[in-house]
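Only one structure is covered here, and it is reproduced in the block below.
The values are calculated or read from the model by the stated rules, or taken from the named source; none is laboratory data. A quick note: this is a predicted structure, and the numbers were derived from the prediction, not measured. Here the Cβ positions follow ideal geometry from the backbone for every residue, glycine too, while neighbour counts run over all protein chains shown. Please note that ligands, DNA and RNA were not included when accessible areas were found on the heavy atoms of the full protein model with its side chains. Shrake-Rupley method; radii C 1.70, N 1.55, O 1.52, S 1.80 Å.
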Amino acid sequence: MWTASANKKRNNYLGGIILNIQLVKGTKDLYGSEVLLWQQLEKNIRKLCATFGIGEMRTPMFEFTELFARGVGETTDIVQKEMYTFTDDGNRSLTLRPEGTAGTVRAYIEHGMHNQPQPTKLYYISPTFRCENTQAGRQRQFHQFGVEMFGSYSPAQDAEAISVATTFLEQLGVKNVELRINSLGCTECRNRYNEKLKQFISSHLDSLCDTCKQRYLKNPLRVLDCKEQGCQNVIAQAPSVLECLDEECTAHFEKVQAILKEMGIAFTIDTKIVRGLDYYTRTVFEFVSDGLTVCGGGRYDKLVEECGGKPTGAVGFGMGMERLIMILQKQYGESELKNDTAIYIGAMGEKGLIQSQALTLQLRKQGIHAECDTVERSVKAQMKYANKINAHYSVIIGNTEIEQNQIELKNMKEGTKENIVLSDLIDVIKQRV
Ligand code: ATP
Ligand code: MG
């Protein structure tokens, strides 16, 4: 980040022109050891998804606004307050992806994926955009690891989706993970509960925030998900949705629980969970660690149909990558991942410089991380640099080494030295790394 004095200096360099371009609030640059951690997590996700038979889905960063408005729900916080919407030259209203499910549903329908053997299991790791008040764990561009599974109404599919998130968090060693589950029932159960909730809320209207006062008649469930303290106080007393579930929905929820138990996945039932998106039916769930919600998901049996597809049972989740990293850093400290260098091939003099470049490339072509001097530093400065980049081995090639075909190989980690034949250098390093 630019400090005030750095900015001043920079403005002076620009001849007094005030140019103050900084990172947009709520966004972040990723580099250094942090980006290595991201790469590691992404690698873990890809490996995990391969073992669960989940294929990658990459959808565009923006879609027609209508997809999110209809898919996510007109009365949700996301659609009402958080979307980055713009109009393009053709006067089309487009929106940067505020969540991953709607776009994946669109793609599922558009590519006729229901014709594939079902279930269709998809995952994504995508930048996601919401114009929210920024704070720790709440950014305007963040990333979601999401999984969507299409083509099954069975509780077994809910359990499989949940087991993906559980396994991932377990493999990473995330501590104090709590899985909370609930069921919102089918449309009929939901309608029944909505009526009951409306009645309850209407007798507590004075304590609600302005948004909830307006939306509770249209969508009372949203009050349950509201972050305002006044609303939270009211909903603490609200009736439970489980009382409104019919026999089928109750049986569905019980079967999800039975499978989770058999899988050894611990959970608690939290009847206040509704999640921030309108499309959920039946099972909803979230994963919390040390008070932070890292993952939210559920079943959305109506969404494919609402977006123009055939009626299709579906379930999925979205996990916040930044939140996950926050939790890992809190529990294990800052990441100290480094891209270690196998060998630094230094040079003294013209011939050495030329030869060191070629040897370095030979090693790199064989998948070995080698570095050489491309700045033409002194030998002393080169050795300092080799140390800083954590080179395991180092050599310095000069005229004598080339003439005698001999070189001193230094093991920088152990502080030992040995003489080897220069033309054997590549083979020696290949054997040791
Ligand atoms: P919250 O209640 O924290 O606002 P949400 O209900 O809006 O979350 P979802 O839409 O279900 O969250 O998104 C799934 C996950 O994405 C969340 O559990 C969280 O980890 C992450 N997430 C959501 N919004 C943000 C954000 N603005 N910045 C970083 N991560 C986010
Ligand atoms: Mg939110």
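For the range 276-289, the criterion of being within 16 Å of ligand 2 (Cβ to nearest atom), crowded, with 23+ Cβ neighbours inside 10 Å and over 23 Å from Arg192 (Cα atoms) is met by at least one residue.
Looking only at the range 135-151, which residues are hydrophobic (A, V, I, L, M, F, W, C), more than 8 Å from ligand 1 (Cβ to nearest atom) and open to solvent by 20 Å² or more (accessible area, probe 1.4 Å)? It would help to see each step written out before you state the result.
Initially, the range 135-151 is screened for residues hydrophobic (A, V, I, L, M, F, W, C), giving 136, 142, 145, 147, 149-150.
Going one step further and asking which of them are more than 8 Å from ligand 1 (Cβ to nearest atom), we end up with 136, 145, 147, 149-150.
Selection gives Ala136 alone.
For Ala238, the stated conditions do not hold, so it cannot be described as farther than 26 Å from Gly173 by Cβ, open to solvent by 40 Å² or more (accessible area, probe 1.4 Å), aliphatic (A, V, I, L, M) and more than 10 Å from ligand 1 (Cβ to nearest atom). If you go through the range 371-414 and keep only what is at pLDDT below 95 and either at positive phi or of a type in the set (Asp, Glu) (or both), you end up with just Asn390. Kindly establish whether Leu36 is under 23 Å from Glu148 (Cα atoms), more than 16 Å from ligand 1 (Cβ to nearest atom) and either of a type in the set (Val, Ile, Thr) or open to solvent by less than 50 Å² (accessible area, probe 1.4 Å) (or both). So Leu36 fails the test. The number of residues in the range 290-320 that are within 9 Å of ligand 1 (Cβ to nearest atom), over 11 Å from Arg180 (Cα atoms) and either at pLDDT below 95 or open to solvent by 20 Å² or more (accessible area, probe 1.4 Å) (or both) comes to 1. Just a yes or no: is a residue in the range 164-177 more than 20 Å from the chain's Cα centre (by Cα), open to solvent by less than 10 Å² (accessible area, probe 1.4 Å) and more than 16 Å from ligand 2 (Cβ to nearest atom)? Within the range 164-177, none of the residues are more than 20 Å from the chain's Cα centre (by Cα), open to solvent by less than 10 Å² (accessible area, probe 1.4 Å) and more than 16 Å from ligand 2 (Cβ to nearest atom). Ile327 satisfies every condition listed in (1) open to solvent by 10 Å² or more (accessible area, probe 1.4 Å); (2) in a helix (DSSP H, G or I); (3) more than 26 Å from His114 (Cβ to Cβ) except (1). On inspection, Gly185 does not qualify as small (Gly, Ala, Ser), open to solvent by less than 40 Å² (accessible area, probe 1.4 Å) and over 23 Å from His252 (Cβ atoms). Inspect the range 56-77 for any residue being within 16 Å of ligand 1 (Cβ to nearest atom), more than 16 Å from the chain's Cα centre (by Cα), open to solvent by less than 100 Å² (accessible area, probe 1.4 Å) and among the aromatic types (Phe, Trp, Tyr) and give the result as yes or no. Yes, the range 56-77 has at least one match.
Is it fair to say Ile354 is assigned to a helix (DSSP H, G or I) and either within 16 Å of ligand 2 (Cβ to nearest atom) or loosely packed, with under 14 Cβ neighbours inside 10 Å (or both)?
Against the criterion (assigned to a helix (DSSP H, G or I) and either within 16 Å of ligand 2 (Cβ to nearest atom) or loosely packed, with under 14 Cβ neighbours inside 10 Å (or both)), Ile354 qualifies.
Asn219 falls short on exactly one of the conditions (1) within 15 Å of ligand 2 (Cβ to nearest atom); (2) open to solvent by less than 20 Å² (accessible area, probe 1.4 Å); (3) modelled with pLDDT under 95; (4) not hydroxyl-bearing (Ser, Thr, Tyr), and that condition is (1).
The residues on offer are Tyr123, Tyr108, and the sole one that is within 16 Å of ligand 1 (Cβ to nearest atom) and of a type in the set (Ser, Thr, Tyr) is Tyr123.
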